[in-house]
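Working notes, structure below.
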Amino acid sequence: MKKVILWVDDEIDLLQPHIRILESRGYSVITTTSGEDAIALARKEWFDLVLLDEMMVGMSGLETLQQLKRIDPNRPVVMVTKNEQESLMDQAIGRSIDDYLTKPISPSQILAICKKYLDARTLQQQHITKEYLHDFAQLDYLMSNAHTWVEWVEVYRSLVQWSIELDAHPDVGLSTTLSDQWKQANRLFARYIERVYPSWLSDRPKEGNPILSPHIVDSFLIPRIKQKHPVAFVVVDCLRLDQWMVIEPLVREYFTIEQEYYCSILPTATLYARNSLFAGLYPADIERYYPHWAPKEGQGEYSQNAHEQDLLQELLRRRGVELQGKFEYLKIYETEFGKRIESEVARLAQNHLTAIVISALDLMAHSRSDTPILREIAPDEAAYRSLTRSWFQHSSLWGILRGFATAKVEVILTTDHGAIRCLRPSQVIGDRETSTCLRYKIGKNVRADSKASVIVNDPTKYRLPKHSTTENLVLAKEDYYFVYPSDYHFYAAKYRDSFQHGGISLEEMILPVVILNPK
């Protein structure tokens with residue numbers, strides 16, 4: 001279908017060469033010589049683009065612009081004028097002009113502006129298709145030959161970037177191809193983790209190995225505390241890399257950003273990963289040295305993470321870190337409390353260290369399983385990213401971050417684990433004391449299909465506590481989730497297409513750490 005251009009200029013006859021060029025390129029051009037006629041035409045007919053002269057007899061270009069935007073605020077209008085005064089540009093931009101050309105104009109300028117507003121999406125889709133198909137083979141080769149943590153981070157980062165790129169162009173027909181690459185990547189990543197993960201579990205990160213959950217405070221927070229300026233440590237529960245990347249452009253307006261990656265410990269669950277992050281210890285060591293603070297399977301989530309403040313303070317004490325001012329720990333579970341904290345940012349900025357845990361994304365991931373309207377709003381990964389951005393724009397977290405930027409507080413923002421969209425159920429056998437998480441099971445003689453899981457007969461090899469000789473750990477890999485034989489089909493259907501965490505996947509394990517310095 002031809003794109004239709006309305007060209008409004010009281011000297012339209014002088015522009016016939018330009019019009020003929022546009023028509024030769026497949027555009028349909030309707031012309032008129034006054035603003036009044038342009039408005040009348042716009043009320044009756046559809047135009048994809050308006051080229052509007054600024055200085056005309058009768059109604060001026062700016063007045064015509066205002067009326068055209070009232071008729072259709074989304075239709076692009078490009079102003080063409082001899083006037084180069086900055087004040088005119090300011091007025092035009094203030095009245096929502098889409099673009100601006102100064103006479104005399106060349107045919108190439110007009111053609112370029114028409115392509116920008118009429119053909120950009122088609123040209124972008126063609127370019128994206130070409131680029132993705134070019135990158136497909138390289139990415140396939142990279143994931144098939146990835147033997148190091150750094151290489152797997154690059155695989156994951158590339159997959160996330162392409163996912164976000166294709167979100168904006170759902171019609172290019174590459175979603176199935178990309179989905180297949182995701183599946184292949186997670187299949188190979190699970191094999192890699194099963195082979196190398198136990199060798200990573202040192203008290204300090206070794207060269208070539210990733211930074212793990214217990215290393216975060218030592219690697220990123222303590223060096224900044226020692227600089228003796230106010231620091232905020234923000235842990236957003238269940239923040240995936242793709243979710244961070246869709247909110248990053250908003251944050252970049254207020255902060256310069258340094259981004260690193262770390263690996264969540266296994267199981268990738270709040271009970272283990274977040275306590276480990278705050279304690280600077282693996283779960284077995286938390287239970288060994290601080291049994292009164294150690295979380296236990298079966299407790300409610302609040303009880304499982306009730307001692308994060310204690311664990312962080314004890315870690316700072318062990319490292320000999322002396323704060324020069326107040327330390328405050330906050331856990332934001334609900335909107336009203338979050339808004340109250342947002343209003344107190346100026347006070348928090350006086351602290352030497354402020355630690356904040358944000359639970360909204362984890363709650364959103366879990367609620368999606370049980371709330372039909374959330375499933376409808378976020379039926380797939382692209383929509384889930386879009387929902388994350390929408391939440392962030394209206395969240396207390398965004399207000400808190402802007403407040404810290406104003407107060408010149410440096411922020412270390414990270415997460416404890418990610419989540420994966422679970423699509424394949426797998427049967428698991430365990431007694432009633434076995435843990436209830438869908439992505440991992442700890443209990444006595446737990447059994448599961450080896451195709452869907454990694455079975456760890458001795459949890460101490462993963463630096464996890466072990467409470468009996470028969471206790472073992474089973475971790476779901478790829479997009480599998482565990483279901484017991486009783487009422488199998490009911491629970492398989494209930495949790496299919498839900499976001500879960502606790503197991504082995506790129507989305508759960510490769511996590512962002514971002515250092516935000518106020519501009």
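The values are calculated or read from the model by the stated rules, or taken from the named source; none is laboratory data. The structure presented is a predicted model; accordingly, all values stated were derived computationally and were not measured. Reconstructed Cβ throughout: ideal geometry from the backbone, glycine too, with neighbour counts over all protein chains shown.
Determine which single condition VAL513 fails, assuming it passes every other condition in (1) within 30 Å of GLU260 (Cβ to Cβ); (2) buried (at least 21 other Cβ atoms within 10 Å of the Cβ).
(2)
Within region 188-204, how many residues are touching a residue at least 24 places away in the same chain (Cβ under 8 Å) and either in a loop (DSSP other than H, G, I, E, B) or within 27 Å of the chain's Cα centre (by Cα) (or both)?
Adding up the residues that qualify gives 9.
Do you know which of the residues in region 496-506 that are hydrophobic (A, V, I, L, M, F, W, C) and in a strand (DSSP E or B) is farthest from the chain's Cα centre (by Cα)?
This residue is ILE504.
Among (1) surrounded by 16 or more Cβ atoms within 10 Å (Cβ to Cβ); (2) within 18 Å of the chain's Cα centre (by Cα); (3) charged (D, E, K, R), which single condition is LYS441 missing?
LYS441 satisfies every listed condition except (2).
Rundown of residues vs (1) out of contact with any Ser or Thr (no Cβ under 7 Å at 6 or more places or on another chain); (2) modelled with pLDDT of 95 or more, yes/no style:
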{"residue": "ALA294", "(1), (2)": "yes, no"}
{"residue": "ARG318", "(1), (2)": "yes, yes"}
{"residue": "GLU328", "(1), (2)": "no, yes"}
{"residue": "VAL345", "(1), (2)": "yes, yes"}
{"residue": "ALA365", "(1), (2)": "yes, no"}
{"residue": "LEU374", "(1), (2)": "no, no"}
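Do we have any residue at all in region 389-408 that's under 14 Å from the mean Cα position of the chain (by Cα), under 26 Å from TYR481 (Cα atoms) and free of Cβ contacts under 8 Å to residues at least 40 places away in the same chain?
Looking for residues that are under 14 Å from the mean Cα position of the chain (by Cα), under 26 Å from TYR481 (Cα atoms) and free of Cβ contacts under 8 Å to residues at least 40 places away in the same chain, one finds none in region 389-408, hence no.
Just checking, does region 424-431 include any residue being under 26 Å from ILE211 (Cα atoms) and surrounded by fewer than 21 Cβ atoms within 10 Å (Cβ to Cβ)?
No, region 424-431 contains no residue that is under 26 Å from ILE211 (Cα atoms) and surrounded by fewer than 21 Cβ atoms within 10 Å (Cβ to Cβ).
Condition first: farther than 23 Å from LEU239 by Cβ and assigned to a helix (DSSP H, G or I). Now tell me which residues in region 154-180 satisfy that.
Those that are farther than 23 Å from LEU239 by Cβ and assigned to a helix (DSSP H, G or I): PRO170, ASP171, VAL172, SER175, THR176, THR177, ASP180.
One line per residue, one yes/no per condition, for (1) modelled with pLDDT under 95; (2) part of a loop (DSSP other than H, G, I, E, B):
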residue: SER468; (1), (2): yes, yes
residue: LEU475; (1), (2): no, no
residue: TYR481; (1), (2): no, no
residue: SER486; (1), (2): yes, yes
residue: LYS494; (1), (2): yes, no
residue: GLU508; (1), (2): no, no
residue: LEU511; (1), (2): no, no
residue: VAL514; (1), (2): no, no
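Yes or no, residue by residue, for (1) surrounded by fewer than 23 Cβ atoms within 10 Å (Cβ to Cβ); (2) over 30 Å from LEU166 (Cα atoms); (3) of a type in the set (Gly, Ala, Ser):
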{"residue": "GLN227", "(1), (2), (3)": "yes, yes, no"}
{"residue": "MET245", "(1), (2), (3)": "yes, no, no"}
{"residue": "VAL251", "(1), (2), (3)": "yes, no, no"}
{"residue": "TYR272", "(1), (2), (3)": "no, yes, no"}
{"residue": "GLY280", "(1), (2), (3)": "no, yes, yes"}
{"residue": "ILE286", "(1), (2), (3)": "no, yes, no"}
{"residue": "TYR290", "(1), (2), (3)": "yes, yes, no"}
{"residue": "ARG318", "(1), (2), (3)": "yes, yes, no"}
